[in-house]
Every structure is written in structure tokens, then in C-alpha cells.
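The values are calculated or read from the model by the stated rules, or taken from the named source; none is laboratory data. Note that the coordinates shown come from a computational prediction; the quantities given were computed from them, not determined experimentally. Here the Cβ positions follow ideal geometry from the backbone for every residue, glycine too, while neighbour counts run over all protein chains shown. When the accessible area is computed, the model is the full protein with side chains, heavy atoms only, and any ligands, DNA or RNA have been set aside. Shrake-Rupley method; radii C 1.70, N 1.55, O 1.52, S 1.80 Å.
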Amino acid sequence: MKQIYFVIAFLFLNTIFSQNKEKVNQELITNTLNRYIEGSSYNNSKLIKSAFVSDATLYLTTRSGFQKLSVDQYANFFNDQKKGQFNGRVGKVLDVHIFEDIAQAKVEILFSKSKVVYVDLFLLKQTSDGWKIISKTATRLKEKPKKGKVLFIVSNAHFYGNTELRTGNSFSEIVNAYDVFTNNGYEVDLVSPKGGAIPLAYVNTSDELSKKYVYSADFMKKLKTTLTPSQINTSEYKAVQYIGGGSVMFDVPDNEEIAKIVMDIYENHNGIISSVCHGTAGIVNLKTSNGDYLVKGKRVNGYPDDYEHTERPYFKTFPFLIKKTIEERGGIFKFSKRNTPHVEVDGRLVTGQNYKSSKPVSEKIISLLSKDK
């Protein structure tokens with residue numbers, strides 16, 4: 001029996017070690033890529049070279065046609081411009097895949113003035129000097145520039161309160177909203193209080209849309225690597241959406257960093273605030289700059305207290321009730337029959353009753369943004 005426990009403990013520790021090792025390598029590779037991004041954005045050839053091995057090869061299409069370049073040749077492209085001065089290139093690491101001591105990475109480069117977008121692909125190798133780029137190629141995207149960005153607010157809470165009852169973010173609400181926005185030319189980011197991987201609930205692979213995204217590596221990577229509040233630049237976003245699921249009740253409503261982000265987008269960037277189902281719990285504490293609750297005097301929708309199963313253990317963990325709190329703070333709570341979609345629009349506040357409202361809420365946001373444009 002002791003031997004069995006020893007094996008289990010060994011396997012558990014080995015799994016933890018492997019996960020930590022991958023996380024460290026992800027950070028080290030991202031740092032290398034960010035040196036390349038910063039160097040090429042601020043005309044710093046020395047910083048660019050520091051990201052590559054000295055004999056790295058770049059395969060690029062320039063004005064002279066398709067070329068095989070050395071690192072020195074590539075870095076020299078930036079010597080004609082003033083070192084340290086921003087040249088309009090905005091870079092972002094999109095993806096990193098590690099295979100032992102080699103890795104593949106994808107970086108997006110946006111030229112802010114022309115709105116032209118390139119994707120850079122890299123091969124990296126773990127060397128005695130750390131992770132280094134050994135090869136690079138790139139292509140210009142032919143698709144139309146994105147119309148803007150939308151921020152989904154999700155939760156890190158795995159359990160209902162301090163119990164062992166598991167909960168999560170509504171997968172169906174995420175994918176329904178994500179599909180609407182991306183199909184209409186918007187980019188979607190996800191932010192959670194702690195960042196990183198989030199728990200999921202209501203994953204129905206019999207649903208074709210859910211199945212599509214479950215098997216999308218890029219999409220699932222987004223759910224595994226949600227942003228932290230400190231990574232958010234509020235000027236980039238045109239709307240926010242609070243995703244439902246039991247998780248949101250516990251770590252989102254009282255998170256001051258997220259509240260500050262949302263109200264900055266709403267008040268200083270003319271953005272839209274939206275929520276679906278239990279996601280409406282996320283807006284109950286939001287206050288405008290004059291000190292009033294955001295919901296005061298507004299029509300609001302969400303999952304009503306009337307439809308909660310008050311006799312079940314999960315309900316007893318709720319720190320507050322959505323409908324009751326909205327009404328106590330001056331909001332006018334509206335809802336329809338159970339399992340029917342319902343959307344309320346009051347100015348730049350758009351709220352929905354359940355997962356069936358996720359798609360129409362997102363479509364209404366796009367309609368409002370189109371009118372505003």
C-alpha cells in the first residue's frame with residue numbers, strides 16, 4: 001500500500017513540476033519575442049539581434065522580392081530611423097507551442113497608420129544563452145482590419161463559495177457571443193481577476209457551435225490564457241460583456257480593478273456595458289463618476305431570483321441576489337418566462353436573461369456600435 005501511495009505522490013509531483021516547467025518556458029519565450037517586438041517597434045537593432053541566434057535565417061518578401069536574410073541584414077532595416085522612436089509597429093504574441101527544447105510561435109504585427117497586419121512565424125531553440133529565435137518568416141494578411149475589440153469578463157472561481165460544489169463560466173454563453181463578434185469583424189479578449197485558465201460549465205458537445213469551439217486550439221488557448229486586469233488597455237475596447245455561470249457570483253462583483261476598467265471604457269471611451277444571465281451579478285456594484293450606481297433608473301435583465309432553486313445547496317452560497325440587489329440600487333429589473341430569450345437595452349447598457357439571450361445581446365451591441373460609427 002505504501003508503494004502505491006509513493007507512486008501516486010511521485011506522479012502528482014512530476015505533473016506539477018512539468019506544468020511549472022512549461023509555464024516558465026512560456027514566459028521565457030514570450031520575453032524573447034517581446035525583445036524582437038520592442039526592438040523592431042523602436043528601431044533598436046541591438047535589441048532585435050539579442051532575440052536571435054547569431055546565424056539565424058529569415059525568409060521574407062521585401063520590395064526586392066523573396067529573400068533569405070541574416071539577422072544583421074534584417075536589423076539594418078531599422079538603422080535608417082531614429083533609435084528609440086516609435087515607428088508605428090504594434091506587436092502582440094498570439095501563440096506559443098513548446099516541444100521539449102524547441103518551440104513554434106506566432107506574432108501579430110499591426111502597422112498603426114496603414115492598418116496593415118502581418119503575421120510572423122518563428123522557430124525557437126533553447127540554447128545555453130536561453131530561448132533564441134533560429135528562423136523567421138512572415139506574411140501580410142489579406143483580410144479586412146478588425147472593426148474593434150470587445151472584452152469578455154470571466155471568473156476564476158471553481159467552486160460555489162467555500163463549498164466543494166463545482167461551478168464555472170458558461171461555455172455556451174462564451175461561444176455564442178464570441179461567434180457573433182468574430183463573424184462581424186470584432187476581436188475578442190478575455191479578462192479574469194487572476195488571469196490564466198478559467199473553469200468551464202455547461203459544455204454541450206452535442207451542440208454544433210460548442211463542438212466547433214471545443215476543437216478549436218486557438219480558441220481554447222484563449223480560455224487557458226485569459227488576461228489579468230493589469231494587461232488591459234481600456235482605450236482599445238468598444239464594449240464589455242460579463243459572462244454568466246455560477247462562478248461570476250464570487251470573484252467578479254467586488255473586484256475593483258475590473259470595475260475600474262469597465263467604467264473607464266463606459267465613461268471615457270463611450271463604450272457599451274453588457275451582461276448575460278448570472279453575468280449581471282458583475283454590474284451590481286458598478287458606480288458612475290458621480291457616485292450613483294450604474295443601474296439606477298435603468299431597465300436591467302439577468303437571471304431572476306424567481307427562477308433560482310432556493311432549496312438546493314448552491315443557492316445558499318450566493319453572497320447576494322441579482323434581482324433584489326438591482327432593485328435595491330434603483331434599477332428596474334425586467335424578465336420573461338423561464339427558458340425564453342429576453343434582452344433589455346437602456347442607453348449603452350445591454351443585458352440578457354439566459355444563455356439563449358447571449359446571441360441577441362451580442363447582435364444588439366454590434367447594431368449600437370454600427371449606429372454610433
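Does Val361 satisfy the condition of being under 17 Å from Val248 (Cα atoms) and either of a type outside the set (Ser, Thr, Tyr) or open to solvent by 10 Å² or more (accessible area, probe 1.4 Å) (or both)? No; evaluated as a whole, the condition is false for this residue. Tell me, yes or no, whether the range 191-208 has at least one residue that is assigned to a helix (DSSP H, G or I) and surrounded by fewer than 18 Cβ atoms within 10 Å (Cβ to Cβ). So far as the range 191-208 goes, yes, one or more of its residues are assigned to a helix (DSSP H, G or I) and surrounded by fewer than 18 Cβ atoms within 10 Å (Cβ to Cβ).
Of all residue pairs spaced 6 or more apart or on separate chains, none has beta-carbon atoms under 7 Å together with a first member in the range 62-73 that is within 18 Å of Ser45 (Cα to Cα) and a second member that is modelled with pLDDT under 90 and part of a strand (DSSP E or B). For Val117, are the conditions met, namely being touching a residue at least 60 places away in the same chain (Cβ under 8 Å), in contact with a Phe, Trp or Tyr (Cβ under 9 Å, 6 or more places away or on another chain) and under 19 Å from Glu187 (Cβ atoms)? No. In the range 226-242, the residue that is nearest to His97 (Cα to Cα) out of those that are open to solvent by less than 70 Å² (accessible area, probe 1.4 Å), in contact with a Leu (Cβ under 9 Å, 6 or more places away or on another chain) and not in a helix (DSSP H, G or I) is Thr226. State all residues of the range 48-87 that are within 22 Å of Ser128 (Cα to Cα) and open to solvent by less than 90 Å² (accessible area, probe 1.4 Å); if no residue qualifies, say none. The answer is Ile48, Lys49, Ser50, Ala51, Phe52, Val53, Ala56, Thr57, Leu58, Ser70, Val71, Asp72. Screening the range 19-108 for strands (runs of 3 or more DSSP E) wholly inside it with 3 or more residues that are more than 30 Å from Met220 (Cβ to Cβ) and not charged (D, E, K, R) returns the ranges 52-62, 65-70. Quick check: anything in the range 338-349 in a loop (DSSP other than H, G, I, E, B), within 29 Å of the chain's Cα centre (by Cα), hydrophobic (A, V, I, L, M, F, W, C) and modelled with pLDDT of 95 or more? No, the conditions are met nowhere in the range 338-349. Inside the range 350-368, residues that are farther than 17 Å from Asn204 by Cβ and either among the basic types (Lys, Arg) or not in a helix (DSSP H, G or I) (or both) make up a count of 5.
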